[in-house]
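To keep things clear, I will list the structure first and then write my remarks on it.
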Amino acid sequence: MSEISNSEAVKDFLKLAKIAPPKPSVEALGELVRAFMRFPYENLTKIIRSDEESDPLKRMRMPDIVLGDHIDIGAGGTCFSLTYFFQQVLSRCGYRSYPVMCDRSYGPDTHCALIAEMGDARCLVDPGYLLEHPVELPRNGSAKIDTPLTEARLTRLGETSQYLLSTINGQRETIRYRLKDRAVDDKEFQERWIDSFDWAQMNRILVTRLEKSGHVYLRDMHLKHSTIEKRSREKIDRNYERMVEKTFGIDERIVEQALQITARRKLLPSQ
């Protein structure tokens, strides 16, 4: 994708969010992060893209596509497309940033995020995990931030360049991923992005969105609503596409298409 197209997509996003590029600061970074959360995490468009495009390079949804799909059909993206787009936003607003890879429970390098630099301060921003605030990387020990439901904690592992991101709910701490503070160059980032289309978890529908009151999470046919007051879980037995559109704002035709693709893939013999 050309730098001109990237630049236009970023300008259009800032207009849509009604944000004038501010002087870089932790506070201004937080404003950008929260504005970017208009994009839900969803793999519906990724499932469709992998089915329609045989050329790996054309599968990657660049900023103009992500923004256009959001405006037209309410879509967002997965961690690679969102992270890449947000890095372009940060660059336009005068921030230095670099992508990093993270290990999740289902494998190494299965998530990506950004480190934004402002003088001596370095902050984790993660549009793919829906962190609604930047988290400054601690020189030692832990840094924490409150979320609508839980406390997020970023802990440096000794004197290494690795950090654990965890969430704490009551007395329970859950590790979400291990972040490796090593800048990933364009070539490696693109390779990981292309590889991600073949990950097993991309054959299962996943959509998630943060709201002021809490968190909404869809995995296949199961929908979970979590607020401070209560948690609920339901299986969507009928009107699936309509329910997803109502809950997340994603066009039901896209939901139906992704559902058909995942159903077809489950019928194929394993390789």
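The values are calculated or read from the model by the stated rules, or taken from the named source; none is laboratory data. Keep in mind that what you see is a predicted model, and the values were worked out from it rather than measured. Positions of Cβ are backbone-derived with ideal geometry, glycine not excepted, and every protein chain shown enters the neighbour counts. Protein only, heavy atoms only, side chains kept; ligands, DNA and RNA dropped before computing areas. Shrake-Rupley method; radii C 1.70, N 1.55, O 1.52, S 1.80 Å.
Identify, please: which residue in the stretch 168-192 is among the polar types (S, T, N, Q) and in a strand (DSSP E or B) and is, among those, most open to solvent (accessible area, probe 1.4 Å)?
169
Regarding the stretch 135-148, can at least one residue be identified that is in contact (Cβ under 8 Å) with a residue 12 or more places away in the chain, among the charged types (D, E, K, R), open to solvent by 50 Å² or more (accessible area, probe 1.4 Å) and assigned to a loop (DSSP other than H, G, I, E, B)?
Yes, that holds for at least one residue.
Let me confirm something: among 89, 66, 100, which residue is open to solvent by less than 10 Å² (accessible area, probe 1.4 Å), out of contact with any Pro (no Cβ under 8 Å at 6 or more places or on another chain) and assigned to a strand (DSSP E or B)?
When all the criteria are applied, what remains is 100.
Return the pairs, sorted by first residue and then second, in which the second residue is part of a strand (DSSP E or B) and not hydrophobic (A, V, I, L, M, F, W, C), the first residue lies in the stretch 107-130 and is farther than 20 Å from residue 31 by Cα, the beta carbons are less than 6 Å apart, and the residues are 6+ apart or on different chains.
Qualifying pairs under 6 Å: 110/104; 111/104; 111/177; 112/99.
Exactly one condition in (1) open to solvent by 60 Å² or more (accessible area, probe 1.4 Å); (2) within 29 Å of residue 125 (Cβ to Cβ) is not met by residue 215; state its number.
Here residue 215 meets the rest and fails (1).
Please verify whether residue 124 is open to solvent by 40 Å² or more (accessible area, probe 1.4 Å), aliphatic (A, V, I, L, M) and modelled with pLDDT of 85 or more, treating the condition exactly as stated. First the steps, then the outcome.
Values: open to solvent by 40 Å² or more (accessible area, probe 1.4 Å): no; aliphatic (A, V, I, L, M): yes; modelled with pLDDT of 85 or more: yes.
So residue 124 fails the test.
Quick one: in the stretch 26-59, of everything that is open to solvent by 10 Å² or more (accessible area, probe 1.4 Å) and not in a helix (DSSP H, G or I), which residue is nearest to residue 260 (Cα to Cα)?
My answer is 53.
Looking at the structure I just gave you, is residue 61 farther than 25 Å from residue 253 by Cα and either without any contact (Cβ under 8 Å) to a residue 60 or more places away in the chain or not hydrophobic (A, V, I, L, M, F, W, C) (or both)?
no
Please work out which residue is farthest from residue 253 (Cα to Cα), limiting yourself to the stretch 221-241 and to residues that are touching a residue at least 24 places away in the same chain (Cβ under 8 Å) and surrounded by 11 or more Cβ atoms within 10 Å (Cβ to Cβ).
227
Considering only the stretch 69-78, state which residues are surrounded by fewer than 14 Cβ atoms within 10 Å (Cβ to Cβ) and at positive phi.
Scanning the stretch 69-78 gives no hits.
Collect the residues in the stretch 72-100 that are more than 11 Å from the chain's Cα centre (by Cα) and closer than 20 Å to residue 256 by Cβ, keeping them in residue-number order.
72, 73, 74, 75
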